[in-house]
Amino acid sequence: MSQPDETTGRVVRNTGAHYVAETPAGEINCKVKGNFRIRGLRTTNPVAVGDIVSVAPPGPDGTAYITAIEPRRNYIIRRSINLSKQAHIIAANIDRAVLVATLAHPSVSTNFIDRFLATAEAYRVPALLCINKTDLLADEPDGLELLHAVEHLYRTVGYEVVSVSARTGQGMENLRKALAGKTSLLCGNSGVGKSTIVNDLIPGIEQRTAEISAVHDQGMHTTTFSELFHLPGDPTGCIIDTPGIRGFGTVDFERADVGHYFPEIFELSHDCRFNNCTHVHEPGCAVLAAIDEGRVARSRYTSYLSILEDADEGKYRKPF
């Protein structure tokens, strides 16, 4: 792909207008040419952290430019709930998508969790749910019972769940083992402690952390751009830290495919009377029967319906 005078590297930092590519010769600060931005891409960022790119040497103005992107083997993309016309590639070429969530201070909704997991399913990226701040749940009424219920729910569906307290270090060794040797995306709401987790995984990195807003019980943004960090003592392990996000809008979901991204719904759909069952009102629906019998969590089904509503409203059109 590269021309003789170009070099190939992996994008390890994205600050909006500028990128940093990691190459055999070291890191290169580079930009994207204007015409490259509009080459059929309808996303806010044509280049994402994790992309393998060709970089031309600096010109007379001293600026190096990204000239091409190798085909991505996968990526995670989202739309903001409030900016439904804008799609954003969070990261590319990843081995695992890790959603960091908290059940208190702040309390992350299961709808947000399910939307993230469904997106990972849609783009064929293995997902892991990391529940942080478990030390705070002991002081919450029924906090530990809630933790065990959420762990059981998502493990039963088929997801790996790692519960940690980045503040005390409890469970962090289990998370390290899960991340070993992989390129992992860390994503989550603001305030769930991603930066504290990164600080623990990579001593000395000194990622900024922030206190939870006492007024809104939500985190203040501490990571302002996406960045890839190498895990110490792990030649092939790295994490991609991302800014905290408030909402997770799905992208490019066809209505008929939404059930495919919920493993328990997809498995039951084979027993539905109709092949094109939407699992909303049809007679002989195995999914509705399972919900009535308590074999499918109602929270997961509610999330499924919310994504169907996205498709009905025509919010999310194909980004490419």
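What shape does region 67-154 take by its C-alpha gyration tensor, where a ≥ b ≥ c are the square roots of the eigenvalues and a/c under 1.5 counts as rounded, a/b above b/c as prolate, and the rest as oblate? Here region 67-154 falls in the prolate category. Here's how it looks for Gln170: its modeled amide H is under 5 Å from those of Ser165, which are all 5 or more places away or on a different chain.
Extending 7 Å from the Cα toward the beta-carbon at both Ser107 and Asp234 defines two label points whose distance is 3.2 nm.
Rounded to the nearest 0.05, what FRET efficiency do Glu70 and Asn275 give with R0 = 35 Å and r taken as the Cβ-Cβ distance? Could you check? That gives a FRET efficiency of 0.35.
Read-outs throughout are calculated quantities, based only on the coordinates presented, and are distinct from any laboratory measurement. These figures come from a predicted structure and were not determined experimentally. Quick reminder, even Gly has a Cβ in these numbers, built from the backbone with ideal geometry, and neighbours come from all protein chains shown.
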